[in-house]
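Let me begin by presenting the structure, written as structure tokens, before commenting on it.
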Amino acid sequence: MTIAVIDYGMGNLHSVAKALEHVTHENVTITRDPRAIRGASRLVLPGQGAIRDCMGELERTELRGLVSELLDEQAKPLLGICVGQQMLFERSEENGGVDCLGFLPGRVRHFGRGLLSTDGERLKVPHMGWNRVVQRHAHPLWDGIEDGARFYFVHSYYVEAGLEGDIFGATDYAGVDAHVVTGRGTVFAVQFHPEKSARDGLQLLENFVNWAP
Amino acid sequence: MTLAKRIIPCLDVDAGRVVKGVNFLGIRDAGDPVEIAKRYNQQGADEITFLDITASHEDRDTTVEMVERIAGEVFIPLTVGGGIRRCEDIRTMLNAGADKVSINTAAVTNPDFVREAAERFGSQCIVVAIDAKRVSGDDEAPRWEIFTHGGRRPTGLDAVEWARKMVAYGAGELLLTSMDRDGTKAGFDIGVTRAISDAVEVPVIASGGVGNLDHLVAGVREGGADAVLAASIFHFGEYTIPDAKRYMAEHGLEMRL
């Protein structure tokens, strides 16, 4: 049993690997070797920074085709995190428009500038910090996590999923209904950082490790 | 509005030991950054900032080891500051498990470093630390300048302009310390906090001068800060993190309780 954190060159993968090691005795590996990725029992698709760079690096490391195949095969659980969630959708408006993996219908949008809350408070972008996630549909990865629990976010773009059935959790920011938890079949993806979200984040990772879709 | 305001305890670490002292009931070693970080994590801190004030270069390895140990046990965001001068320093800290680095003096001496760092690692992990000091007289319109070397060396840079510039260069967050207030327990400098918070789109962490819980409330409410950083009020057990969070929540602020 090996959990592979897919390393296509974007971002800090050590945090997520350390958090997984904290909740499981299974082997956790950070890898870009296609055979190791294929052979793993579970996959984590992380992502940080600009989506154009993430998609570009996935292409350059020749992992794009493999990741798409694995998504379509639905043979093993995959957890997308942050830009790793956004990449699953059709297109992002970041960087002037970037085509993504298109595993799920929907797009990735910017929060906008000069946002105000209902009480007139200025809202910052990136959306950074601990926000509530409302659970839209039941899912085994929500086991032991309260509806409305807070998770740690850092992002300026958010997912607007095309199908209600793909949305497992949402967060309100600046009146925007951000679809921060999405998935289908063996795929579950979150905008927030479970590896940095204290107890509830670790619970979600543990649920992922135990998930048998 | 459900995004919580953050409370960030800060550990000043010299050669692998927390200085300024920390008093926790039941803690075996009040100088070990790992034990102290764990304790703050248990108390519900929203993030932890680790400020390396080590003078000698040799002790930097100790810092990396400390960051590794904290990151292996504490699963909330960890920012490491102090001595971040080159992209290699950032790489080293991120590899050790830091989530963000805080750049201070190097941003002043070489602003392009911030741009390079943000391009290479992403704005989300680049915090620029701004040490500001009021330079205008009481009867003048308020003006603050950037100071380096613990507030001793003026740079002539206007703090608000500098904040805007650092965000334009890619800073994802600003850590604003009032050098007039740091260590005074007289409260944040609300004027500079508000001026900078209104000037930039990115989150601002207020720091310097916290002496009681009303100061934390004022930093957010009047200063417009998104997060508050404090050391001594938590270290000496005057207040716990839950005390501070409850108090801020009672004053109408959204907190992660």
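Read-outs throughout are calculated quantities, based only on the coordinates presented, and are distinct from any laboratory measurement. Every value quoted in this text rests on a predicted model; they were computed, and no experiment measured them. Don't worry about glycine lacking a Cβ; one is built from the backbone with ideal geometry, like all the others, and counts go over all protein chains shown.
Okay, here's what the table says:
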item: Proxy reagent accessibility, fewest Cβ within 10 Å first, across A:Ile167, B:Ile196; result: A:Ile167, B:Ile196
item: Average Cα contact separation per residue, chain A, under 8 Å, 6 or more apart, as relative contact order %; result: 20
item: Candidate lysines - alpha carbon under 27 Å from B:Lys133, same-chain residues fewer than 8 apart omitted; result: A:Lys124, B:Lys5, B:Lys20, B:Lys100, B:Lys165, B:Lys185
item: Förster radius 22 Å - calculated FRET efficiency between A:Thr61 and A:Arg35 (Cβ-Cβ, nearest 0.05); result: 0.95
item: Helix-only mean residue ellipticity at 222 nm for chain B, each DSSP H run of n ≥ 4 adding -39500 (n - 2.57), per residue, nearest 500; result: -10000 deg cm²/dmol
item: Simple Cβ-charge dipole of segment A:2-210, Lys/Arg +1 and Asp/Glu -1, about Cα centre, in debye nearest 20; result: 320
item: Hydrodynamic radius of segment B:126-201 per Kirkwood, over alpha carbon pairs, in Å; result: 12.5
item: Taking A:Asp33, A:Asp119 and counting other C-beta atoms within 10 Å, the order from fewest to most; result: A:Asp119, A:Asp33
item: Sorted by Cβ density within 10 Å, fewest first, the residues A:Leu123, B:Leu11; result: A:Leu123, B:Leu11
item: Whole-Å semi-axes of the ellipsoid equivalent to the protein assembly as shown (Cα gyration tensor, √5λ, descending); result: 36, 24, 22
item: About the Cα centre, charge dipole magnitude for segment B:6-250 (Lys/Arg +1, Asp/Glu -1 at Cβ), debye; result: 60
item: Average beta carbon contacts from partner chains per residue of B:61-70, 10 Å cutoff; result: 0
item: Contact order relative to length of chain B, as percent, for alpha carbon pairs under 8 angstrom and 6 or more apart; result: 19
item: Other protein chain Cβ atoms within 10 Å, averaged over every residue that makes up A:128-135; result: 6
item: Kirkwood hydrodynamic radius over Cα pairs of segment A:135-213, then Stokes diffusion coefficient at 37 °C and 0.692 mPa s, in µm²/s; result: 256
item: Sparse-neighbourhood loop sites, GluC sites (Glu not before Pro) in segment B:85-192 - DSSP loop, at most 11 other Cβ within 10 angstrom; result: B:Glu140
item: Cα shape, segment B:1-123, gyration tensor, a/c 1.5 rule; result: oblate
item: Unit charges on C-beta of K, R, D, E only; dipole of the protein assembly as shown, Debye; result: 80
item: Percent of beta bridges antiparallel (DSSP, segment B:1-153, rounded to nearest 5); result: 30
item: Beta bridge orientation in the protein assembly as shown: antiparallel %, DSSP, nearest 5; result: 40
item: Column: log10 I(q)/I(0), Debye, Cα scatterers of chain A, q = 0.08, 0.15, 0.18 Å⁻¹; result: -0.24, -0.90, -1.34
item: Percent of beta bridges antiparallel (DSSP, chain B, rounded to nearest 5); result: 20
item: Cα centroid separation, segment A:58-103 to segment B:99-121 (Å); result: 30
item: Positive-end extreme of charge dipole, chain A - chosen from A:Ala198, A:Gly183, A:Ala212 (charges on Cβ); result: A:Ala198
item: Of the DSSP H helices in chain B, those whose Cα atoms cover at least 20 Å axially and whose Kyte score averages -0.5 or more; result: none
item: Gyration tensor verdict on segment B:111-155 (Cα atoms; rounded if a/c is under 1.5, prolate if a/b is larger than b/c, oblate otherwise); result: prolate
item: Per-selection metrics, segment B:6-250 (Cα): Rg and Dmax in Å; result: 16.9, 52
item: Shielding by partners, peptide A:117-124 (average Cβ within 10 angstrom, other chains); result: 4
